[in-house]
Each structure stands twice: as structure tokens, then as C-alpha cells.
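Here is the structure we will look at, set down as C-alpha cells.
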Amino acid sequence: MISSLRYWFLLFLVILVYITGMFVTLFENDSAQFAVMAMRMVQENDFFTLIKGTEEYLDKPHMHYWLAALSFKIFGIHDWAYRIPGILATLLGAYSCYGLGKLLYNIDIGKFSALIFMTAQTIVLSTIDVRTDAVLTGFTIFAIWQLVAYIEKNTFWNIILGAFAAGIAFSTKGQIALVVIGISILCHLAYTRKWNRLFNWKIFIALLVFGITISPMLYAYYLQFDLHPEKVIRGKSARSGIFFIFWEQSFERLSGEGVGKNSNDFFFFFHTFLWVFLPWTVLALIAYWRRVKTFWKLRFKYRPQFEFLTLGGITILFFVISFAQFKLPHYINILIPLYAILAASYLHSLYRHSKDLVIKGLLGIQYFILSLVFIFSLLVCFHVFKFQNLHSYLILLALLATIVYFCLKREEYYMRIITLSVYSSLLLNGVMNAHFYPELLKYQAGSTMAKKVYEHGITVNNVYKISERHTWALDFYNKKPVTIISQSELESIDDAWVYVTGKELEQLRNSGIRWSEQITVDQFRITRLQVKFLNPHTRHKILNQMHLVHID
């Protein structure tokens, strides 16, 4: 359906966008926080203890931090080194989408699945704002692919690889990995009626492999928590890390206990999906609806040309996570591979059955999405953060010319849908990674102040703060967590620099503390954008400042 040359060229451009984002400053809170936690593992040579600031960390297991720490060990402590495991896991996820799509359908659907997965907005974002979900998603879909391959072919190495991948996914974010893998596999078994695969000696070997894979994480939890019942974690003593990861974690997320509640909106993930799967959202929604109608007509009778894994997995899992009292948009990332395969199979069926009218309608929708991306990109480049150099104009012009060429090129409609959708993602995220985020992050005070610390030759050991307010970006780019100190101790320390908010600066002044030098930078919560901030004429009205003062 698609030529190898065009397919690999599109993949090359997508990976180029990923690489461009590798060198962007880390975002607060999660990316910078997780990078600092991994950095401390390396610096303190303690890979079994998870610490968040000054507190013991009992929330997510260790694998993401271990992989980041390994990257730091190999490449040094850099923001791009922190992102490497997440990007590699995303590429593994894309390859797994290809493999599973090919196994369930054919090679063309496999190719489309990988391309759709890699260009879905939330997946591209996860390669720059790297959290645990990148590793979780990559290894979860790899596990599903390998376990389905075992069910279909009864091969030993597939179930071993599936068990290993499930162990890595579980060691990254806990029970949600097993829930997604388990429900997807059960849906496939229920539809294909191949329950006999569960009654095989290979299952016991797979369970052993899974147990061995998760044992380092369990041992780390045992050392940090089970051996120390005197520790008080979120108001409770005698916390068992092993019991937490096997039982308590998901229930805390569902109920909001411990982590807090941020949304009781059952439809949160429904409206979140509208943007996280761009530019393929409409295609996926239509594909889902058509597949539901098809199975309803068939009364769920088995037909070899269909599969129930994606539809069943999406439906059940979407319903389950919608009950959670603590929700964030990236929680849906783990379902994106299933959506990618479902959307790819529907697009392929339109081509195979020559549904020209529907394809034309979808093409019109993709043109509309591309036009919105085009307008947004121009606003970003010429209004929100104006281009400052000639080469930026030339790169944007070249990309726009390429898109216009494919818009005007006469070729089959389905091919236009694929190509223009990918270019929509490339245009949007190319502008974001190469221009918008670098400009935006100039307003993240911690990373900006770290540059000032370096430029002024300030010793990072002499930088302090007077509150427990987190300073993740400053911690990471100084390569040292900022030490907390009381106001009364400040004057007794030689060459002390204090990192403070405007309010804290006023407290120092009122308490009689004086300083000889002051460095001030702008501060804005960059992950919570507002129209007033995006408008350069009103931006100054909502900016705060952070200060670094040298105590006399």
C-alpha cells in the first residue's frame, strides 16, 4: 500500500523530531523530579532507595529510575541522557505495534500501526516530557505482542519474552501494566477460544521468568520499607513496599487515597482523548464505532478476519480507568498502541473494500486538522514567540513547501490521509520541539537560574533555600539538590546564596537579613499555559520572579 521509500522517509522524519526534543531543557515537575531521583542514585551510589526531595518515595517502582541512572552512568548526567531510555522504549512500542498489527492482520496494517503510534500527540510529547509512561507503554505492548504470538503459534520464546516484558512493565509502574496486559490477552482468548494455551507447562516457566524479572524491584522495596517498619510514609508506619506494589498502589489511585483526588469527572479521558490521539482522533473514533457495530451484528461470533483484542481491551480498560479519582492525561498512553492498531485496521479495510466516499470524507477531516495545525504553527512562530534568526524561517518554509507539495500531488486518497496526517504531526511537533519549548522554558526559573549560577561562577554547594518547596530543575542542572536551611542559620554561613520567591525575599528583608548581590529571573508554571501568557502583550502581567541573593 505504501512504498518502502516513503514509509522509511516518514519514519526518519518522526525520529528526527524525537531527537530534536532530546536536547530541550527538562520540564518541571515530573521530568525534572524523576531525573533528580535517578541522578541521586548515581551520585550517592544507592540504587535501592527512592527519595523524593527529603521524603521516602512510595508511589512508583524502580525500573524507570534504574534505566535513567544507567543512562547517566554511561553518558553522564545530561537532560538528553535522561530521555534516551524513554525514546528507546517508544521505538520498542512502535516495533511492537508493527509486530502485533502484522500478526493480527497483515504487514500493511502493522506498518500503519507503528506510524500512527509514533505520531500520536501524546506519544510524541512523552519523548520530550519523559515520565514512567514511556517505558511502561513500550514494554506493555511488547508483552501483549509476544503473548499473542504464543497463543497463535504455541512458541516457547514468545511466552518467555512476553513474561520478561510484563515484568519490566510491572517494575515500572506497578499493577496497571498487568491489568492492561491481562485484559487484552483475555479478550483475545475469549474471542479465539484458545483457552488450552493456558494449560501448558510453558506457563509455569513464564511465571518463573516474570518472578525473576520483578525480584530486583521487590528486593529494593524490601530493603527500603519492609525492613524498616518504623518509617512513617504518608502518615502511616509499618508500610510494606512489597504489599504496596502488589495490592495497595492501584486502589490508592482509584480512590485517591494517599496521592489525593484531582478529578471525579467520569468523562475526563473521553475529552482528553480528543487531543492526545491527534491527528488521528476522528479516524480512531469512527474505527471504534464501526468495529462495535460489526461485532454487535455478528453477536461476537468468531471470524478469522477480525480480532477482539483491541476493541475489548480499549472498552474495558477505558471504563476502569475512568473511575479513578486521580487522573492525568498521560495515563491514557498505555492504551495508545491498541488505538493505533484499531485505527490502522479500519483505514486498511476502507482501502481494501474501496469505500471511496468514506475515504474522501476522512481526507477532508485530515485537511481540516492540517489547516488548524498550520494556523497554530504560524501563530507560535510569528506571534507567541517570534523567530529571531534566518535559518528558522528557512526550515519552516521547507517543511511547509513539502506539505503543500503532497497536498497538491495526485495520488490515491488513502495515501493522502496517511501522508498528510503524519505531516500534521511533524509540523506541529517540529515547531514545538525546535522552537516553542526552548522559548517557553526560558520562563522556568529553576533551569534559567542554574545557567546564572554557572555564568557567575557560584559554587553549587553554597546555594540554599529556606523552605521545603521543590526546586527540581535547579537541582538537576546544578547537579546537586539545593540544601534546606533555616533563616537563623544563614548569617553564620560564609558565602551563602539563597534561592527564594518574592514572598520569601520580603521575609528575609523583614527579619533584618541583608544581601550584597541579587540575581532575578522570570518564573511561570510552564505546564499550565494561559492565554495571557501566550499573548506577548499581556505575558508580563502574570509572570512571577525567583531570586538568588548573596547574604552579607
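Can you report the number of residues in segment 458-509 which are assigned to a strand (DSSP E or B) and of a type in the set (D, E, K, R)?
Here the count works out to 1.
Just wondering, is there one or more residues in segment 524-543 that are in a strand (DSSP E or B), surrounded by 13 or more Cβ atoms within 10 Å (Cβ to Cβ) and either touching a Ser or Thr at 6+ places or on another chain (Cβ under 7 Å) or modelled with pLDDT under 90 (or both)? Quick ask: steps written out before the conclusion?
Here is the first cut: in segment 524-543, the ones in a strand (DSSP E or B) are none.
Within segment 524-543 (the criterion being in a strand (DSSP E or B), surrounded by 13 or more Cβ atoms within 10 Å (Cβ to Cβ) and either touching a Ser or Thr at 6+ places or on another chain (Cβ under 7 Å) or modelled with pLDDT under 90 (or both)), the answer is no, since none of the residues qualifies.
When the residues of segment 327-360 are narrowed to those that are free of Cβ contacts under 8 Å to residues at least 40 places away in the same chain and of a type in the set (S, T, N, Q), which ends up surrounded by the most Cβ atoms within 10 Å (Cβ to Cβ)?
Ranking the qualifying residues of segment 327-360, first place goes to 349.
Go through 331, 339 for me and flag whichever is in the same structural domain as residue 123 (by TED's automatic domain parsing), at negative phi, of a type in the set (Ser, Thr, Tyr) and modelled with pLDDT under 90.
331
Let's see how each residue does on (1) crowded, with 24+ Cβ neighbours inside 10 Å; (2) free of Cβ contacts under 8 Å to residues at least 60 places away in the same chain; (3) part of a helix (DSSP H, G or I); (4) not assigned by TED's automatic domain parsing to the domain that holds residue 435:
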residue: 8; (1), (2), (3), (4): no, yes, yes, yes
residue: 12; (1), (2), (3), (4): no, yes, yes, yes
residue: 39; (1), (2), (3), (4): no, no, yes, yes
residue: 82; (1), (2), (3), (4): yes, yes, yes, yes
residue: 88; (1), (2), (3), (4): no, yes, yes, yes
residue: 92; (1), (2), (3), (4): no, yes, yes, yes
residue: 95; (1), (2), (3), (4): no, yes, yes, yes
residue: 102; (1), (2), (3), (4): no, yes, yes, yes
residue: 113; (1), (2), (3), (4): yes, no, yes, yes
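Which of the residues spanning segment 119-175 are among the basic types (Lys, Arg), farther than 24 Å from residue 19 by Cβ and touching a residue at least 60 places away in the same chain (Cβ under 8 Å)?
173
How many residues are under 31 Å from the mean Cα position of the chain (by Cα), at negative phi and either surrounded by fewer than 18 Cβ atoms within 10 Å (Cβ to Cβ) or small (Gly, Ala, Ser) (or both) if we restrict to segment 457-490?
Number satisfying all stated conditions: 7.
This table checks each residue for (1) at pLDDT 95 or above; (2) of a type in the set (D, E, K, R); (3) out of contact with any strand residue (DSSP E or B) (no Cβ under 9 Å at 6 or more places or on another chain).
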| site | (1), (2), (3) |
| --- | --- |
| 3 | no, no, yes |
| 8 | no, no, yes |
| 12 | no, no, yes |
| 22 | no, no, yes |
| 28 | no, yes, yes |
| 39 | yes, no, yes |
| 52 | no, yes, yes |
| 56 | no, yes, no |
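What do you reckon, is residue 221 surrounded by 18 or more Cβ atoms within 10 Å (Cβ to Cβ), assigned by TED's automatic domain parsing to the domain that holds residue 306 and either acidic (Asp, Glu) or more than 24 Å from residue 295 (Cα to Cα) (or both)?
On the way: surrounded by 18 or more Cβ atoms within 10 Å (Cβ to Cβ): yes; assigned by TED's automatic domain parsing to the domain that holds residue 306: yes; either acidic (Asp, Glu) or more than 24 Å from residue 295 (Cα to Cα) (or both): yes.
Spelling it out, residue 221 is indeed surrounded by 18 or more Cβ atoms within 10 Å (Cβ to Cβ), assigned by TED's automatic domain parsing to the domain that holds residue 306 and either acidic (Asp, Glu) or more than 24 Å from residue 295 (Cα to Cα) (or both).
May I ask you to say which residue of 370, 363 is surrounded by 15 or more Cβ atoms within 10 Å (Cβ to Cβ), outside any loop (DSSP other than H, G, I, E, B), more than 28 Å from the chain's Cα centre (by Cα) and touching a residue at least 40 places away in the same chain (Cβ under 8 Å)? Full working, then the answer.
Working: 370 fails: more than 28 Å from the chain's Cα centre (by Cα).
Going through 370, 363 in turn, the sole match is 363.
Can you name the residue in segment 14-37 that is within 23 Å of residue 469 (Cα to Cα) and in a loop (DSSP other than H, G, I, E, B) and is also farthest from the chain's Cα centre (by Cα) among such residues?
25
This table checks each residue for (1) modelled with pLDDT of 90 or more; (2) in contact with a Phe, Trp or Tyr (Cβ under 8 Å, 6 or more places away or on another chain); (3) not assigned by TED's automatic domain parsing to the domain that holds residue 105.
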{"position": "263", "(1), (2), (3)": "no, yes, no"}
{"position": "279", "(1), (2), (3)": "yes, no, no"}
{"position": "286", "(1), (2), (3)": "yes, yes, no"}
{"position": "304", "(1), (2), (3)": "no, no, no"}
{"position": "310", "(1), (2), (3)": "yes, yes, no"}
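List pairs: first in segment 493-517 and closer than 18 Å to residue 444 by Cα, second polar (S, T, N, Q), Cβ under 6 Å, 6+ apart or cross-chain?
Partner pairs satisfying both residue conditions: 502/545.
Any chance segment 230-237 includes a residue that's among the hydroxyl-bearing types (Ser, Thr, Tyr) and surrounded by 14 or more Cβ atoms within 10 Å (Cβ to Cβ)?
no
Go through segment 169-222 residue by residue and tally those that are farther than 18 Å from residue 139 by Cβ, among the polar types (S, T, N, Q) and modelled with pLDDT of 95 or more.
Result for segment 169-222: 0.
For the subset of segment 288-302 comprising residues that are assigned to a helix (DSSP H, G or I) and exposed (fewer than 13 other Cβ atoms within 10 Å of the Cβ), which member is modelled with the lowest pLDDT?
Only one residue fits best here, namely 298.
Does any residue of segment 381-393 turn out to be in a helix (DSSP H, G or I), within 26 Å of the chain's Cα centre (by Cα) and either more than 26 Å from residue 130 (Cα to Cα) or outside the structural domain of residue 278 (by TED's automatic domain parsing) (or both)?
Scanning segment 381-393, I find at least one residue that is in a helix (DSSP H, G or I), within 26 Å of the chain's Cα centre (by Cα) and either more than 26 Å from residue 130 (Cα to Cα) or outside the structural domain of residue 278 (by TED's automatic domain parsing) (or both), so the answer is yes.
Give me a count of the residues in segment 115-142 that are in a loop (DSSP other than H, G, I, E, B) and closer than 24 Å to residue 3 by Cβ.
Matching residues across segment 115-142 total 1.
Mind listing just one residue for me: the one in segment 41-66 that is aliphatic (A, V, I, L, M) and surrounded by fewer than 21 Cβ atoms within 10 Å (Cβ to Cβ) and, of those, nearest to the chain's Cα centre (by Cα)?
51
Which pairs have Cβ atoms under 9 Å, sit 6 or more apart or on different chains, and link a residue in segment 375-390 that is of a type outside the set (Val, Ile, Thr) to one that is assigned to a loop (DSSP other than H, G, I, E, B)?
381/387; 383/535; 383/536; 385/536; 386/536
The values are calculated or read from the model by the stated rules, or taken from the named source; none is laboratory data. Treat the numbers as computed from the prediction; the structure is a model and nothing was measured. Cβ sites come from the backbone with ideal geometry, for glycine too, and all protein chains shown count toward neighbours.
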